[in-house]
Amino acid sequence: WSVCRKSTELNGAIEEAEIIFGVHLTPASYARATKLRWIQSMWAGVEGILGASLRAGVILTKPWGVFGPYLSQYVFGNLLAQKINYLGALKAQSESKWQPYRIDLLNGKCLGIAGLGDVAADTARAARAFGMKVWALNSDGRDNPLADRTFSSAVKADRVSFVAGLDVLVLTLPKTPSTCGMFNAELLGHLRPESWLINLGRGALIEDAALIELLEQKRIAAAVLDVFNEEPLPPDHPYWNLPNCTVT
């Protein structure tokens, strides 16, 4: 076996490799792996590998149960900070202001998760622990024990009903032909003014221009974005300077 830390080391080993455990290999590297039998991705997203020229019969697997705890706590770290006005408190402290303020609760709010993988499962369990209702959007609307209601992403009326009833929309979907641009101006327009959008899936799920317009016009409360159509996010992108948008 070989550990490859540089492209030169990879070039020397790839032609003999039967198993690859890695991430960010180029399509050209996979094309040279003529003995390849199995790829174990280090990341949850595998669309980059699916676009490579792989020999027939190669098995492709990805991590399961690894990222859920991190990303679910990321979701609730952001939500709790907002609900207890954490940033407002820090600002008041920096200005030496004794400034009373009110806090809000998550109890009774409705959190919707688009995509029902392991990240979604951990997020749904955390939502229930905070007394939230959980709605889910999946490919066929099948019931899920972690969700109070499920909706089908294949049915337009279901997508609208799902989005319109939420306080928090969490996206964990992969990038596929059917999910790219799913959250466009028409669908995002059904979010309520007090709702939050958190994207953990892929930037391509969202129509950027539509979300930017919603945030600029304060037609939704806030967005938390961890993935983008272009990464790294360009320094002049509007997301950086929108006060109701968090970029991570």
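The values are calculated or read from the model by the stated rules, or taken from the named source; none is laboratory data. Not measured: the values here are computed from a predicted model. Neighbour counts are summed over all protein chains in view; Cβ atoms, including those assigned to glycine, are modelled from backbone coordinates with ideal geometry. Keep in mind that these areas ignore ligands, DNA and RNA; they rest on the heavy atoms of the full protein, side chains included. Shrake-Rupley method; radii C 1.70, N 1.55, O 1.52, S 1.80 Å.
Report yes if residue 208 is at pLDDT 95 or above and over 13 Å from residue 228 (Cα atoms), otherwise no.
Spelling it out, it is not the case that residue 208 is at pLDDT 95 or above and over 13 Å from residue 228 (Cα atoms).
Would you check if there is a residue in the range 203-226 being touching an Asp or Glu at 6+ places or on another chain (Cβ under 7 Å) and surrounded by fewer than 15 Cβ atoms within 10 Å (Cβ to Cβ)? Within the range 203-226 (the criterion being touching an Asp or Glu at 6+ places or on another chain (Cβ under 7 Å) and surrounded by fewer than 15 Cβ atoms within 10 Å (Cβ to Cβ)), the answer is no, since none of the residues qualifies. Among the residues making up the range 228-247, those that are out of contact with any Leu (no Cβ under 7 Å at 6 or more places or on another chain) and either part of a loop (DSSP other than H, G, I, E, B) or crowded, with 20+ Cβ neighbours inside 10 Å (or both) are 228, 229, 230, 231, 232, 233, 234, 235, 236, 237, 243. Screening the range 55-95 for residues that are loosely packed, with under 12 Cβ neighbours inside 10 Å and in a loop (DSSP other than H, G, I, E, B) and picking the one that is farthest from the chain's Cα centre (by Cα) gives 95.
Restricting to strands (runs of 3 or more DSSP E) lying wholly in the range 96-157: which have 1 or more residues that are open to solvent by 70 Å² or more (accessible area, probe 1.4 Å), out of contact with any Pro (no Cβ under 8 Å at 6 or more places or on another chain) and farther than 17 Å from residue 82 by Cβ?
Where strands (runs of 3 or more DSSP E) fall fully within the range 96-157 and carry at least 1 residues being open to solvent by 70 Å² or more (accessible area, probe 1.4 Å), out of contact with any Pro (no Cβ under 8 Å at 6 or more places or on another chain) and farther than 17 Å from residue 82 by Cβ, they are 133-138, 149-152.
Just one of the listed residues (20, 39, 49, 14) is over 30 Å from residue 196 (Cβ atoms), buried (at least 16 other Cβ atoms within 10 Å of the Cβ) and at pLDDT below 90, namely 49. Scan the range 223-240 and tell me whether some residue there is in contact (Cβ under 8 Å) with a residue 60 or more places away in the chain, touching a strand residue (DSSP E or B) at 6+ places or on another chain (Cβ under 9 Å) and either within 30 Å of residue 105 (Cβ to Cβ) or among the hydroxyl-bearing types (Ser, Thr, Tyr) (or both). Within the range 223-240 (the criterion being in contact (Cβ under 8 Å) with a residue 60 or more places away in the chain, touching a strand residue (DSSP E or B) at 6+ places or on another chain (Cβ under 9 Å) and either within 30 Å of residue 105 (Cβ to Cβ) or among the hydroxyl-bearing types (Ser, Thr, Tyr) (or both)), the answer is yes, since at least one residue qualifies.
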